[in-house]
Amino acid sequence: MTTCSLTFPPQIHLANLPTPVQPLRHLGEKYGVELYVKRDDLTGITLSGNKIRKLEFVLADALAQKSDTVITCGGAQSNHCRATAIAAAMLGLNCRLILRTSDPANPPEPEGNILLDRMAGAEIVWITPDEYKQRDEFMAREAALLQASGKKVYTIPEGASNALGSLGYIRAMEELVNDIANTLGGGNQPCTIINAAGSGGTSAGLILGAKIFDVNARIAAVNVCNDRDYFVRAIGNICEQAIVDYHLNLNFDSQQDVDIIDGYVGLGYALSQTEELELICEVARTEGVFLDPVYTGKAFFGMIQELERDPKCFGERIIFLHTGGIFGVFPKSDQIRPLL
């Protein structure tokens with residue numbers, strides 16, 4: 001039963017969908033829960049991860065506006081920027097990326113996602129973390145330069161996390177309804193769906209999708225940067241804009257509906273503690289699933305820490321959303337090797 005209807009705008013099909021839900025039996029037994037993983041790391045090969053679902057709507061809009069160039073932003077090893085660069089190449093679009101690094105005059109070596117960005121033909125503009133705080137202004141400036149040279153530019157926000165991008169995870173929640181019915185034994189039994197929050201669009205779509213499709217689920221996000229207050233605002237703003245833009249008849253309260261599991265940012269965004277990397281290795285050894293150090297590794301670490309504190313904190317059934325990012329493992333190889 002749905003609580004409201006949604007007419008989706010046009011989208012292009014980039015992802016291999018639906019993605020499977022698989023049990024993590026060994027870890028589930030260890031922590032005394034039914035533990036599953038939604039394998040959105042399998043949305044593609046180089047296009048792997050959650051960003052593709054959002055880009056299906058965002059890039060459809062770019063093409064509808066006759067754009068020939070897209071511009072977006074992220075951290076040096078941004079999964080979103082890598083996915084955007086590759087999707088742009090597939091669609092015949094130019095791509096310019098605004099990436100942050102501590103020393104733009106000496107940017108990181110082209111490895112991991114950066115290597116794929118370059119191979120896909122993206123132009124990269126490096127800026128400092130302080131400059132990145134004004135990333136929208138930087139993107140507007142780059143867009144103006146490109147437009148002055150005759151380009152038709154479409155700007156995509158960080159993570160494609162806006163109302164339009166969130167539709168990708170409303171669609172994913174529609175998939176999860178079928179997953180719960182067909183893979184997890186059916187019924188509308190309660191579960192907790194856990195994801196990593198980096199820019200907020202995935203969480204926003206899951207929250208709205210759970211309401212639209214009347215899913216008996218707690219949607220909880222482990223933030224990998226910033227803090228709870230930041231994400232309550234960011235995710236709340238995306239949800240509220242989507243409710244307005246797509247005429248959704250939903251009751252939404254950001255303070256009640258945005259559930260953030262704070263305290264697991266660790267050393268900072270894309271910086272890894274030994275304990276996080278040890279857990280990534282454990283999951284690979286015990287389940288054959290590879291998490292990434294920037295997003296899913298931190299989120300899974302936060303989930304496990306909460307379970308160790310209180311085994312019943314998420315209820316009996318947990319679905320962990322694997323949002324991809326395997327290419328981010330390779331720049332951490334020097335830290336991982338001693339753990340093997």
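The values are calculated or read from the model by the stated rules, or taken from the named source; none is laboratory data. Every value quoted in this text rests on a predicted model; they were computed, and no experiment measured them. Note that we place each Cβ from the backbone using ideal geometry, even for glycine, and neighbour counts take in every protein chain shown. SASA here: full protein model, heavy atoms, side chains in, ligands and nucleic acids out. Shrake-Rupley method; radii C 1.70, N 1.55, O 1.52, S 1.80 Å.
Some observations on this one:
- Rg and Dmax [Cα atoms of the range 1-94; Å; Rg one decimal, Dmax integer]: 16.9, 53
- Within the accessible surface of the chain, defined with a 1.4 Å probe on protein heavy atoms only, the carbon and sulfur portion equals 49 percent.
- Rolling a 1.4 angstrom probe over the protein heavy atoms with all chains in place gives the range 249-306 an accessible area of 41 Å² per residue.
- Antiparallel DSSP beta bridges within the chain, percent to nearest 5: 10 percent
- These residues, Val224, Val177, go from largest to smallest accessible area, 1.4 Å probe, as Val177, Val224.
- If you take all other residues with their beta carbon under 12 Å from the beta carbon of Leu248, and give Lys and Arg +1 and Asp and Glu -1, the sum is -1.
- Theoretical ellipticity at 222 nm over the chain - DSSP helices of four or more residues, -39500 (n - 2.57) apiece, nearest 500: -13000 deg cm²/dmol
- Charged neighbours of Glu109, selected by a Cβ distance under 15 Å, balance to -2 (K, R count +1; D, E count -1).
- Nearby lysines by direct alpha-carbon distance to Lys332 (threshold 21 angstrom, same-chain neighbours under 8 apart not counted): Lys298
- Aspartates and glutamates with Cα under 16 Å of Lys151, excluding same-chain neighbours fewer than 8 positions away: Asp68, Glu123, Glu142
- Efficiency of FRET between Lys312 and Gln147 - r from beta-carbon atoms, R0 56 angstrom, step 0.05: 0.50
- Other residues whose C-beta falls under 14 angstrom from the C-beta of Tyr31 contribute a net charge of -3, scoring Lys and Arg +1 and Asp and Glu -1.
- Magnitude of the charge dipole, the range 52-115, Cβ model with Lys/Arg +1 and Asp/Glu -1, debye to 20: 200 debye
- The range 187-318: Cα Rg divided by the 2.2 N^0.38 Å rule of thumb: 1.09
- Rg and Dmax over the alpha-carbon atoms of the range 43-126 stand at 12.3, 38 Å.
- Of all lysines in the structure, the ones whose alpha carbon falls short of 20 Å from that of Lys312, not counting any fewer than 8 places away in one chain, are Lys30.
- Unit charges on C-beta of K, R, D, E only; dipole of the range 198-340, Debye: 220 debye
- Euclidean distance of C-alpha centroids, the range 44-87 and the range 203-261, integer Å: 22 Å
- Across the options Leu248, Leu307, Ala15, the greatest Cα extent toward the positive end of the charge dipole of the chain (unit charges at beta carbon of Lys, Arg, Asp, Glu) belongs to Ala15.
- Residue of Ile45, Ile238, Ile280 that the Gaussian network model of the chain assigns the largest fluctuation, springs spanning Cα pairs under 10 Å: Ile45
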